[in-house]
1. Within segment 164-212, how many residues are touching an Asp or Glu at 6+ places or on another chain (Cβ under 8 Å) and either closer than 30 Å to residue 152 by Cβ or of a type in the set (Asp, Glu) (or both)?
2. Checking the structure you have, find out if any residue of segment 86-104 is at pLDDT 85 or above, surrounded by 13 or more Cβ atoms within 10 Å (Cβ to Cβ) and of a type in the set (Lys, Arg).
3. Cβ-Cβ distance below 9 Å, separation of 6 or more or different chains: which pairs start in segment 77-90 with a residue that is more than 22 Å from residue 48 (Cβ to Cβ) and end on one that is surrounded by fewer than 19 Cβ atoms within 10 Å (Cβ to Cβ) and small (Gly, Ala, Ser)?
4. Name every residue in segment 28-67 that is over 27 Å from residue 177 (Cβ atoms) and either surrounded by 15 or more Cβ atoms within 10 Å (Cβ to Cβ) or not polar (S, T, N, Q) (or both), in order of residue number.
5. For a quick check of your reading of the model, give me the residue pairs whose first member lies in segment 200-217 and is at negative phi and assigned to a loop (DSSP other than H, G, I, E, B), whose second is surrounded by 10 or more Cβ atoms within 10 Å (Cβ to Cβ) and of a type in the set (A, V, I, L, M), with beta-carbon atoms closer than 7 Å and at least 6 apart or on different chains.
6. Answer with yes or no whether residue 52 is at pLDDT 90 or above and on the phi < 0 side of the Ramachandran plot.
7. Condition test on residue 41, is it touching a residue at least 12 places away in the same chain (Cβ under 8 Å), part of a strand (DSSP E or B) and β-branched (Val, Ile, Thr)?
8. If I filter segment 121-155 down to residues being crowded, with 21+ Cβ neighbours inside 10 Å and either under 26 Å from residue 68 (Cα atoms) or in contact with a Pro (Cβ under 7 Å, 6 or more places away or on another chain) (or both), which single residue comes out as modelled with the highest pLDDT?
Amino acid sequence: MKKTLGILALVAGSLMAGSVSAQSDPAAKAVLDGVSAKFKTFSAVQSSFTLQVEDGKGKVQGVKKGTVYMKGTKYRVSITGQEIFCDGKNIWTYDKAANEVTITKFDPSQNTITPQKLFTNFYDKDFLYKLNGEKKVAGKVIQEIEMTPIDKSKAFHKVYVYVDKASKTIYSTKVLEKNGNKYTYTVNSLNGKAQVADSQFVFDKKKYPGVEEVDLR
């Protein structure tokens with residue numbers, strides 16, 4: 001669980017908003033600004049995604065499917081074996097194998113990792129980025145943006161963001177670690193007009209019999 005959450009945090013943290021480096025590609029910025037602007041028009045989002053993990057030899061080590069719900073600062077992530085709930089005040093991280101939920105405070109003033117950052121503000125002062133060009137994937141025109149961390153001590157050396165040119169939404173994100181591992185998040189569906197009740201963002205322990213709570217608030 002910690003590894004998967006760590007990679008999710010890595011992707012989101014890698015792509016958080018910040019000042020733009022003078023060496024970054026203006027064309028890439030224009031694409032990413034378009035993605036951010038489009039996402040901000042959504043009232044509530046329901047998105048399904050797939051996470052694929054490959055080793056240094058290109059062998060697939062595992063594939064997980066998940067769903068993300070987002071509304072304002074609220075979000076819920078469900079992926080094989082784990083769930084994360086955030087109602088804008090508290091964050092519940094549930095580990096199915098251990099039947100344990102960890103509760104922490106949500107602090108928007110800090111660089112808190114949220115799924116929203118996987119879909120918007122894909123540029124960071126700690127990265128250089130460039131538009132590598134376009135290619136067709138499954139009938140869609142996909143724009144590839146390559147991001148390189150300025151801090152060479154990072155565990156990863158590249159992050160690739162693939163944007164659907166027509167819809168101005170994220171198609172997939174790939175993280176390349178220095179050890180050769182690759183983590184690819186592919187967005188399978190994205191509904192920007194989803195009807196999502198606020199109760200979806202709160203952990204209801206009645207639905208998890210015997211769950212152990214670890215309250216770190």
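The values are calculated or read from the model by the stated rules, or taken from the named source; none is laboratory data. Please read these numbers as outputs of a predicted model, since none were measured by experiment. All Cβ positions, even for glycine, are placed from backbone atoms using ideal geometry, and neighbour counts span all protein chains on display.
1. Here the count works out to 9.
2. yes
3. Correct list of pairs: 88/72.
4. Answer for segment 28-67, where residues must be over 27 Å from residue 177 (Cβ atoms) and either surrounded by 15 or more Cβ atoms within 10 Å (Cβ to Cβ) or not polar (S, T, N, Q) (or both): 30, 33, 34, 37, 38, 40, 42, 44, 45, 46.
5. 203/101; 211/101; 216/103; 217/103
6. yes
7. No; evaluated as a whole, the condition is false for this residue.
8. Of everything passing the filter in segment 121-155, 143 is modelled with the highest pLDDT.
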